Every structure is written in structure tokens, then in C-alpha cells.
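Heads up: the structure comes next, in C-alpha cells.
The values are calculated or read from the model by the stated rules, or taken from the named source; none is laboratory data. This is a predicted model, so every value here is computed, not measured. Every residue, glycine as well, gets a Cβ built from its backbone with ideal geometry; the counts of neighbours run over all protein chains shown. Just so you know, the surface numbers come from the protein's heavy atoms only, side chains and all, with ligands and any DNA or RNA stripped out. Shrake-Rupley method; radii C 1.70, N 1.55, O 1.52, S 1.80 Å.
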Amino acid sequence: MTLTNPVKVITVLSGKEKFMQIKLQQLTKTYKEKRGLLPMDLEVEEGELIALIGHNGAGKSTLLKLLAGWLIPDKGQVFVDGVNLKNRLAVVRKIGFVPETPNLFDFFTVGYNLRLFARLFQIPFQRIEEILKAFNLLAFRNNKVQVLSKGLKQRVSIGRTLLADPPVLLFDEPTSGIDFDMTKEIYRLLTEFHRAGKTIIFTSHRPEEIKTLATRIIVLHQGDMVFDGSPQTYFQSEIHEKLYQ
Amino acid sequence: MIKNIIILTLNDLAISFKNKSIFLILFIPFFVYVSLMLVDEAGVDIQKTRIGLIQSEPYAPVILDAVQSADTLFTVLWVPNEEEGKKQLKEKKIDGLLLRPEKEKPGLVLVVLKKESVLSLFIVEGFSALQRAVEGHDMNWISDIQPLQEGGIQQQTLPTWVLMLALLVSFIIMPAQIAEEKEKKILLALLQTPMREIEWLTAKLFLGMILIFIAVLFLHLMGGFDVGNALAYFAFIGVGSFCFSSYGIFLGFLCRNQASARTLGVIFYLPHLLPSALSDFSQKLSTVAPFLPSYPFFESVKSILLDHTGITALFSAWIYLFFVGLLTFFMAYRLMKKRWLMQ
């Protein structure tokens, strides 16, 4: 299934001068039972498409949730476009997060879910029509979310995230639990968003799948960053062999 | 087949442990046991009621001597005048007040809080027994019983139903709804919008208050009950719904999922409901109940509905409920800021 051009619903940023969009300073999160994320410094340039890879428990989701404000760090700071993440209201329009499991109001319709978030973002309802059309959801607008497949829910979730057209998009295991065709579609979407100039960070525990997708690969292992470089370097490195072969 | 049934039953038991439902099974008998321990045991204090006598009242010496000497039945407390006696009766410092009737009628007038109560019955029976022992008959020491709280059984039980509704919404419905939004990560999704934490909390607070108002209004419309002092009643339903809704929101933040919220809700619901609702029937419970925020709410609603008391007389209870609501609301806000149990 190919979606109607989703790039139409995002602001095309290409052509702008690139700058450091996300900056992590000694970002740390520890859990009682596991390590979480060790102190991490990281800089992300505008327009990068970063794949965060690592085994389960490596700290990938923790990092994304920290960037999305789902988790409060124990130490360290995050700046998005120079704004400290602690200033949540100032960064909510800058970062969009698509979690692994779509977190929608299941008992309401697709249309209601989008309208609610459009109201909260103070976005005109015309935007909802654009999103529904771009993500082939027009036929499902009056369907309750609970009757949709995981793939469709994921599309609604991505659509909802794009309502505010944030320049940074975070995807946590975007292809988890969905079929092959939908996986391809998600990766195609990521590429389109990237072409439109969005900064994208997504997690995957299947590095082979993202070989040709990412512009940068960051490998996490037991909460620590063990690799940060281009895909070409990564697939030739010992890290890939050690972790996945 | 039997093996599968056993496997599934064990699995269901494991789930009930995991979602803490099993604690209800342990908690409810424990709570009933504690309540029964607190309820006055027969043969001890319940048979010793506190009778108020007015210092200036010329009681018949035979009655006075009999009451004072029956120290296994009555504790005599002297009050300066009728007004003070009735005040102490309302404050449950005494269980009954003896007055001389107007127009030189024989016998005494027994003033009690409620006519149809176990305590009133016990006082009358006590006097009958006493009179039988002294005079050999039991006709006229108490010639009249005057209740302070008017209204039939329906009106008198109304405060209990109002309390039950307020606590049901606050401790059963609200925590489960909040825990559901946390469990499904919907709250986190909402927090990715320009919505402020305080806005979400206030919306939840309004939800609880509206539900309580609707439930109470529906109860009044169905039963056609008198609201007593309308302004005071409205003020107390308002502050009570604020207090308990905030409390319920706070409980919701202590739970990771709906099952835990239901369990915690019941664990808070019963101890807030029963001691207050049963405090009229037990001296021990009436000493324990004031430690719960449900008690000032219940007592105030009762005073307004049954005695038509005004808001000024209940101001300290109003302030107390408002403060408890404010405190629990603030604690819920802190937990939300910390993203407590939201993952």
C-alpha cells in the first residue's frame, strides 16, 4: 500500500542552512533494576536520519523517551534548537514522538482523536483533512480506533504526531508488530520525511533493515553509546559483528 | 480438561496477585475485623450512656438519686443550661438530655439527637428498668422524647447516601480513569501537546466534581428530599467534591494500572465510608472517625440536612475539607511533574 504523498503535510525545510538541532549533555537515566542510560553527550544536526540500534535493554527507548519528555533524566540536559527540554511548553511543537504502541483514545474515532489533538495544538481542522488524506485514513475517520489493525493505528499515531508539523521526529520501533508491506511503507515514510528536511531519530533492533535508510547509526549497548558513525563504517566495524553475528 | 482448568485457575490466581485484587480479599475481612473491634462491645461501654442534666433544673429527688446511683447504666454530666445541653448533644458529648416538661406535666422530657436510634431506645429502656427497680412500675419517668434532628428515616439516612456517592466517584471512578490514561500512555501523549499539567489536573478535578454534583442532584430529584440550608448545602457539596476528587486523582497517580487503582480505591473507600456513616451507632467509632476527611463532610451535610445549620457554624469543617483537597491536588501535581509510574 502506498500512501498519498505525506510530504505535502510537512513543511519542507531543505535548502536551509544546517545547524545543531539537538544537544545532549551528560544525559543520564538509571532504573532500579537495570542501567538505563549512562551519561551521554550527543549532538544531532538538522536533517539527519539517525538509526538507534542495540539489543533489548540497550537504552534506545530510554533515550527517545527522555528526548520526548516521557522520562525525566536523573542528570544532564537536552537542548532542542537551543531551548532546554525542561521548558516543555516551548519544545512540544519542535519534537514529535511516535511510540512503539500507538497511544490513542481507543474508544473514540480516528477523527475524534485527531480533532482533540488539533484543538490542543490550536491547529485549524483543515489540517486534519490534509493528514487523513495524506495517510489514506479518510475511509477510517469515523471508525473507532479499537477496531483498527496495528498498522492502521500506527498510521493514525504518525498522522497525529504530524499535526503540529514538528521539525524533529522520534520513532520508537516503528515497524514492531506490523507486516512486511507496512514495514516497507513506514521506511518509505521516514525517507520522505527526511527528504523534506525533518530530523529523524528512530530505533531498531534489526540493523540489516536500515542499511540503506539511515544517514547515521548510533549503537547502544547496556546503556552506553558504543558506536556513532555512518552506516558504511558501522557495517564494516567489529561492533556489528560482535553484537549481531 | 481438568488439567487445563487447574492451569487456568492457577493462572487467574497469579493474575489476581499481580494486579493486587487479592489484597481486597485480605483487606476487606481485616477491615471488618478492625471495625468490629472499634464498635462498642455489648456489656461494656454501650450500656453506659451519658445523660446530661441541667444544673438549675429542680429534678424530682427520686429520679435524680436513681440516675446518679445507676452508674453501670448512666454517666451523669451536668450542663449549665438547656442551650448548652443541646449543643453538647449535637457535638455527641452527651447521648441524651433530661428536661422538665413545660406546664407542670409529670415525668421528664428526654432530648436525643435522633428518635429512631439504638441509643435513644437504650436510654428509654434503661430508665424503664431503673423505674421498675425503684417504684415497681415503668410508666412515667420519661413522658416525652424530643429529637433534635427532624425528618423521617429517609431524610436521616440521606447524608450517608450523599457520602457514599461522593466517595464512590472519588475513590472508585476517578483513580481507575486516571490509571487507565497512564496505563495506555494517553496522558503522555497529551503531555506532548501545549497542554499544561495543571490544566489536565483541573479538568479531571472538574470531572469528579461534576459527577458528584450530578449524582447528588439526581438523588434529590428522585427522592424529593429537602436540602435544608441550600447555600450551605451547595457550599459543602462543592468543597466535598473538590476534596474527594483531588484525593481520588492523587490515588490514581499512585497506581500504574487500572486493576491497582480499583484495589486501592476500595481500600480507601471502605475506611472513609464506614466509620463516618456508623459513627452515630458507636462511641468508639465516633472517636476514630474525626481523623478521616469524610467525617467533617458527613457531619456537616447531616447538620445542614437535618438541623438546617448555616455555613458559618460549619466554617472550620469547610476550611478543613478545602485544605485536604488542596494538599492532595498539589501532591498529584508533583507526581505528575515527576511522571510518576507513567512508564
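Annotations
- Residues in region A:137-166 that are of a type outside the set (Gly, Ala, Ser), in a loop (DSSP other than H, G, I, E, B) and open to solvent by less than 50 Å² (accessible area, probe 1.4 Å): 5 in all.
Each row is one residue, and each column tells you yes or no for (1) of a type in the set (S, T, N, Q); (2) facing another protein chain (nearest Cβ under 9 Å); (3) free of Cβ contacts under 8 Å to residues at least 12 places away in the same chain; (4) farther than 17 Å from A:THR199 by Cα.
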position	(1), (2), (3), (4)
A:TRP70	no, yes, no, yes
A:GLY76	no, no, no, yes
A:ASN84	yes, no, yes, yes
A:LEU89	no, yes, yes, yes
A:LYS94	no, no, no, no
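- Per the listing B:ILE249, B:ILE237, the residue uniquely over 19 Å from the mean Cα position of the chain (by Cα), in a helix (DSSP H, G or I), modelled with pLDDT of 95 or more and more than 14 Å from every other protein chain (Cβ to nearest Cβ) is B:ILE249.
Rundown of residues vs (1) of a type outside the set (Gly, Ala, Ser); (2) under 31 Å from the mean Cα position of the chain (by Cα); (3) over 15 Å from A:VAL92 (Cβ atoms), yes/no style:
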position: B:MET174; (1), (2), (3): yes, yes, yes
position: B:GLN177; (1), (2), (3): yes, yes, yes
position: B:GLU180; (1), (2), (3): yes, yes, yes
position: B:ALA189; (1), (2), (3): no, no, no
position: B:GLU197; (1), (2), (3): yes, no, no
position: B:THR202; (1), (2), (3): yes, yes, yes
position: B:LEU211; (1), (2), (3): yes, yes, yes
position: B:VAL216; (1), (2), (3): yes, yes, yes
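- Helices (runs of 4 or more DSSP H) contained in region B:272-343 and holding at least 1 residues at pLDDT 95 or above and within 30 Å of A:PRO73 (Cα to Cα): B:315-337
- Residues in region A:211-229 include none that are touching a residue at least 60 places away in the same chain (Cβ under 8 Å) and part of a helix (DSSP H, G or I).
- Per-region count, region A:52-67, residues closer than 17 Å to A:PRO99 by Cβ and touching a helix residue (DSSP H, G or I) at 6+ places or on another chain (Cβ under 8 Å): 1
- Some residue of region A:180-188 being under 26 Å from A:PHE19 (Cα atoms), under 14 Å from the mean Cα position of the chain (by Cα) and buried (at least 20 other Cβ atoms within 10 Å of the Cβ): no
- Members of region B:195-234 that are farther than 23 Å from B:GLY252 by Cβ and either within 14 Å of chain A (Cβ to nearest Cβ) or crowded, with 19+ Cβ neighbours inside 10 Å (or both): B:GLY228, B:ASN229, B:ALA232, B:TYR233
- Single residue of region A:39-66 satisfying the filter (open to solvent by 20 Å² or more (accessible area, probe 1.4 Å) and in contact (Cβ under 8 Å) with a residue 40 or more places away in the chain) that is farthest from the other protein chains (Cβ to nearest Cβ): A:GLU45
- Of all residues in region A:107-128, those being within 13 Å of chain B (Cβ to nearest Cβ), over 17 Å from A:ALA139 (Cα atoms), in a loop (DSSP other than H, G, I, E, B) and open to solvent by 30 Å² or more (accessible area, probe 1.4 Å) number 2.
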